[in-house]
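The values are calculated or read from the model by the stated rules, or taken from the named source; none is laboratory data. Keep in mind that what you see is a predicted model, and the values were worked out from it rather than measured. So basically every Cβ, Gly included, is an ideal-geometry build from the backbone, and we count neighbours across all protein chains shown.
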Amino acid sequence: MSDDQIPDDSKLTTSKRRWAAEGKFLTGRISRPETERLPPGQHLVKNWPVLDLGQQPIISIDSWRLEVGGLVETPLDLNWAAFQALEQSATVSDIHCVTTWSRYDNKWKGVSTRDLLDLAMPKAEAGYVMLTSYDGYTTNLPLSDFAAEDAILATAWEGLPLTRDHGGPMRLVVPHLYFWKSAKWLRRIDLLPADKAGFWEKNGYHMYGDPWREQRYSED
Ligand SMILES: Nc1nc2c(c(=O)[nH]1)N[C@H]1C(S)=C(S)[C@@H](COP(=O)(O)O)O[C@H]1N2
Ligand SMILES: [Mo]
């Protein structure tokens, strides 16, 4: 068999190469000097407060699913075993909540959003992401921010399984945006052509939510 035969998966290979070549992943993260570590209007806490809509869903590992749909070449419907079989990553990042608390140096383990996107392969028209959680919560962000280098689909915090109150068994962590973008109990990721408001965004929170520009509310 010769090397120059076109493989069966040529379509996937081509689109994966195109996705990588576009370098979309590289545009989302702005690195900031250490002196600006604490964003304006924030104060540091040592504990980790719990904030949500008040209903903390109980999701057994057996029934857990993560779906990825919308503008992707390969829609995904992963069960827990399939998710655990993906490459596992570790990150350390700061939390900035719009209610003014920040918490430094949180150690996360899970699947990087980039590794998940490498599987699903966003189409060229995909520019935004809508996240939907098991409690009915939704939130939106640009694809390039979702794909930030340190964004992670976290299953562990400080070496222990993520507890239910903080979004276990799996939550998103996008550290460079206010923490309301980091959906707990994540169940579905949809790639969209245009931005669409999620739960808090429909209720007056900012569509983007950059802590360093204090984008707390839509008028900020
Ligand atoms: N599914 C879901 N995710 C959510 C929320 C929610 O109500 N439901 N609240 C958001 C808000 S407003 C914040 S500040 C953080 C809080 O995460 P924590 O409780 O782990 O601190 O989760 C975000 N993710
Ligand atoms: Mo929040």
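Is it fair to say N203 is in contact with a Phe, Trp or Tyr (Cβ under 8 Å, 6 or more places away or on another chain) and of a type outside the set (D, E, K, R)? Spelling it out, it is not the case that N203 is in contact with a Phe, Trp or Tyr (Cβ under 8 Å, 6 or more places away or on another chain) and of a type outside the set (D, E, K, R).
Of the residues that sit in the stretch 149-192 and are among the hydrophobic types (A, V, I, L, M, F, W, C) and in contact with a Cys (Cβ under 9 Å, 6 or more places away or on another chain), which one is farthest from T91 (Cα to Cα)?
To start, the set of residues in the stretch 149-192 that are among the hydrophobic types (A, V, I, L, M, F, W, C) comprises 151-154, 156-157, 160, 162, 170, 172-174, 177, 179-180, 183, 185-186, 189, 191-192.
Okay, now just the ones that are also in contact with a Cys (Cβ under 9 Å, 6 or more places away or on another chain), so 179-180.
Values: F179: 16, W180: 19 Å.
Across the stretch 149-192, the extreme among qualifying residues is W180.
Regarding the stretch 18-38, can at least one residue be identified that is under 23 Å from E149 (Cα atoms) and at pLDDT 95 or above? Steps first, please.
Within the stretch 18-38, the first condition is being under 23 Å from E149 (Cα atoms), and the residues that meet it are 18-38.
Filter again for at pLDDT 95 or above, leaving 37-38.
The answer is yes, given that some residue of the stretch 18-38 is under 23 Å from E149 (Cα atoms) and at pLDDT 95 or above.
Filter the stretch 50-66 down to residues that are over 13 Å from R171 (Cα atoms) and of a type in the set (S, T, N, Q) and give me whichever is nearest to ligand 2 (Cβ to nearest atom). Among those residues, the one meeting the criterion is Q55.
If you filter the stretch 71-86 down to residues that are within 16 Å of the chain's Cα centre (by Cα) and not in a strand (DSSP E or B), you find that the one that is farthest from ligand 1 (Cβ to nearest atom) is L86. Give the stretch 151-185 a look and list any residue that's part of a strand (DSSP E or B) and surrounded by fewer than 21 Cβ atoms within 10 Å (Cβ to Cβ), or say none. Scanning the stretch 151-185 gives T155, A156, W157, L160, P161.
Mind checking which residues of the stretch 129-150 are in a loop (DSSP other than H, G, I, E, B) and touching a Lys or Arg at 6+ places or on another chain (Cβ under 8 Å)?
Step one: filter the stretch 129-150 for residues in a loop (DSSP other than H, G, I, E, B), giving 134-137, 147-150.
Hits for the stretch 129-150 are Y134, D135, Y137, A147, A148, E149, D150.
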